[in-house]
There are 2 protein chains.
Amino acid sequence: MTVVAAENADLAIDPRGEATRTRILDSAEYLFSEHGINGASLRAIVAHAGVNTAAVHYHFGSKQGLLEAVFARRIIPIAEERLAMLAECREGNGRPSLLQQIIAAFLEPGMRGSHGGATFARLRARMAADASEETRALMAKYFDRSSAQFLEALAVALPHLPPRDLHWRFHFMLGTMVYTMANPGRIQALTGDACDPSDMDASLAYLVPFLAQGFQADPIPDTTTDINPVVMTATSKPNGES
Amino acid sequence: MTVVAAENADLAIDPRGEATRTRILDSAEYLFSEHGINGASLRAIVAHAGVNTAAVHYHFGSKQGLLEAVFARRIIPIAEERLAMLAECREGNGRPSLLQQIIAAFLEPGMRGSHGGATFARLRARMAADASEETRALMAKYFDRSSAQFLEALAVALPHLPPRDLHWRFHFMLGTMVYTMANPGRIQALTGDACDPSDMDASLAYLVPFLAQGFQADPIPDTTTDINPVVMTATSKPNGES
DNA sequence: ATTTGACTCAATCAAGCGTTTGATTAGGGT
DNA sequence: ACCCTAATCAAACGCTTGATTGAGTCAAAT
């Protein structure tokens, strides 16, 4: 096993190691986000980083190990900042729009420029759509840790909402977040050039109130056999009304 | 017309051809959606379809041509049904929850089982997250056609909403749709086993009211220089940033 | 019955993939 | 001075990819 790289800082004697490691991580983050995980080859990454192919396997073991390192480097501080902002919400509870504050606490750390910015945001979106079980497990490993606390906080802010509805709407929040991160140029195609989509601040300004309003919708009545008539406009019968 | 049947359909005389073509399309749709476009190899597709590699290139020219054929086969009927349902909304305007009907008209045809079902829905989600410019252009080619009409209908249902806010929220709707289609098992991981996520009807029952409520949020005040204070809770950098 | 032509097949191609190897460099410890 | 070890390098590994080829198959038209 040659994977015994300098995990501890004490053992990282050679300063070249950390510099190369960081260059590989930066290039991989950029190319993964730009061309996808399968689309970015190790050769392209090492060419962009100006290092040798073997350096990747020396430091990270494999391409999957490199992806995990790229992901962990950003997601850990993001998760920490998420929980810190959530704690701030709890302290001053009762302030106006607690719901919006919780939503912002969940979205901001990952979408603002602090932790990798739009580049890492796009990578997360790609990973969310990725098929491989490894990638999915990797995301879940770091994600489930914080989601439970946010679900709990949202349940407090929305006491009338059954857990089932809360889970669905939390899922919808993830969808808007991921899609907005993945397609920073999509809005421009719709509006012409009304807004600057690469700037995530504008996205957040529109996204947070939209989500807060959606969360406050009435709970969905439990109709296991009968579905909401609005959704049943043109299903089986061409002319029938329900 | 007993002369020659091949005058109109130059290539589709041999009935074996259509059967093989359909088997390839079905297998490609399934494997593309399951493993991604890059992740599904032609060899895996032809093995699943029980045909030869050359058959793909004979019928579709290339892997990209196959993807376009898979996509077009489903998206054209979906777009037609979308517009048909939208026309139904227009006829009976003034009915309760016109907004929900418009949203349902946009979401239902693509998410219900009629046109490829969850399999094709997952493929669309993958394509939305895909990097390649070809895939992106392919989706835009069939998508921009119908989106304009839905934006117009939504503007009628929400006369107080500026176009900018409308475009953002339409974008958010796409996000929830794509993410829900892409992760049919994600809700189970959150709720335990409260809902059956592979059944898109349940998704729609929760998604449509959520989106309708979000669309009805107040417009975002135009603050090009000043950001919503709610979103600015903890942006101070404790240790500096890179 | 023969011919025709749409269609299939096994074999093969060059290119690119992730990974591994063995040699080489650089630098602090004894 | 020596050795040890972390770190890097060029080169090749075995394998899979999308694509191509030419011979062959088989139903239908003549």
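Work out from phi, with θ = phi - 60° and the Karplus expression 6.51 cos²θ - 1.76 cosθ + 1.60, the ³J(HN,Hα) of each residue of the stretch B:121-130, listed in order in whole Hz, and give x for Gly and Pro.
Karplus-based 3J(HN,Hα) across the stretch B:121-130 equals 4, 5, 4, 4, 4, 4, 5, 5, 8, 6 Hz.
Can you compute 3J(HN,Hα) from phi for each residue in the stretch A:42-51, using the Karplus curve 6.51 cos²θ - 1.76 cosθ + 1.60 with θ = phi - 60°, rounded to whole Hz and x for Gly and Pro?
4, 5, 5, 5, 5, 5, 5, 7, x, 10
Against the globular-protein guess of 2.2 N^0.38 Å, express the Cα radius of gyration of the stretch B:45-89 as a ratio, rounded to two decimals.
Details: Rg = 15.3 Å, N = 45, 2.2 N^0.38 = 9.3 Å.
Computed over Cα atoms of the stretch B:45-89, the ratio equals 1.64.
Applying the Karplus parametrisation 6.51 cos²θ - 1.76 cosθ + 1.60 with θ = phi - 60° to the phi angles of the stretch B:158-172, what ³J(HN,Hα) value in whole Hz is obtained for each residue in order, glycine and proline being reported as x?
With the stated coefficients, the stretch B:158-172 comes to 10, x, 7, 8, x, x, 4, 4, 4, 5, 4, 6, 4, 4, 5 Hz.
Between the stretch A:148-175 and the stretch A:19-38, what is the separation of their alpha carbon centroids in Å?
34
Exposure proxy check: B:Lys63, A:Lys141 ranked by fewest other beta carbons within 10 Å?
Details: B:Lys63 18, A:Lys141 13.
Result, fewest neighbours first: A:Lys141, B:Lys63.
If each label sits 7 angstrom from Cα along the C-beta direction, how far apart, in nm, is A:Leu83 from its counterparts in the other copies?
A:Leu83 label point versus its equivalents elsewhere: 5.3 nm.
Going by C-beta contacts inside 10 Å, put B:Leu207, A:Leu99, A:Leu86 in order with the fewest on the left. Mind showing how you got there, number by number?
On the way: B:Leu207 27, A:Leu99 22, A:Leu86 18.
Ranked by crowding around the Cβ, least crowded first: A:Leu86, A:Leu99, B:Leu207.
Can you pull the one-decimal nm distance between simple spin-label points at B:His57 and B:Ala87, each 7 Å off the Cα toward Cβ?
4.4
Starting from a label point 7 Å past Cα on the Cβ side, list the distances from B:Ser41 to the same position in the other copies, nm, shortest first.
Spacings between copies for this position, smallest first, are 1.5 nm.
Extension gain A:Glu18-A:Leu42, at 0.36 nm per residue separation less the Cα-Cα distance, in nm? Mind showing how you got there, number by number?
Details: separation 24, 0.36 × 24 = 8.64 nm, distance 1.89 nm.
Between A:Glu18 and A:Leu42, full extension yields 6.8 nm more.
Charges only on Cβ, +1 for Lys and Arg, -1 for Asp and Glu: so what's the dipole of the stretch A:67-189 about the Cα centre, in debye to the nearest 20? All intermediate terms of the calculation are to be shown ahead of the outcome.
Details: 15 positive and 12 negative charges, 58 e Å.
Once rounded to the nearest 20, the dipole reads 280 debye.
Give me A:Glu134, B:Glu29 sorted ascending by neighbouring Cβ count inside 10 Å, so fewest comes first. Present the calculation step by step, with values, prior to reporting the outcome.
Working: A:Glu134 12, B:Glu29 24.
Final ranking by Cβ density, sparse to dense: A:Glu134, B:Glu29.
If you take the square roots of the eigenvalues of the alpha-carbon gyration tensor of the stretch A:22-122 and sort them as a ≥ b ≥ c, do you get rounded (a/c under 1.5), prolate (a/b over b/c) or oblate?
Numbers: a/c = 4.01, a/b = 2.90, b/c = 1.38.
Here the stretch A:22-122 falls in the prolate category.
Rule-based calculations on the coordinates, nothing more; no lab input. Everything numeric here is computed off the predicted structure, so don't read it as measured data. Virtual Cβ from ideal backbone geometry, glycine too; neighbours counted across all protein chains shown.
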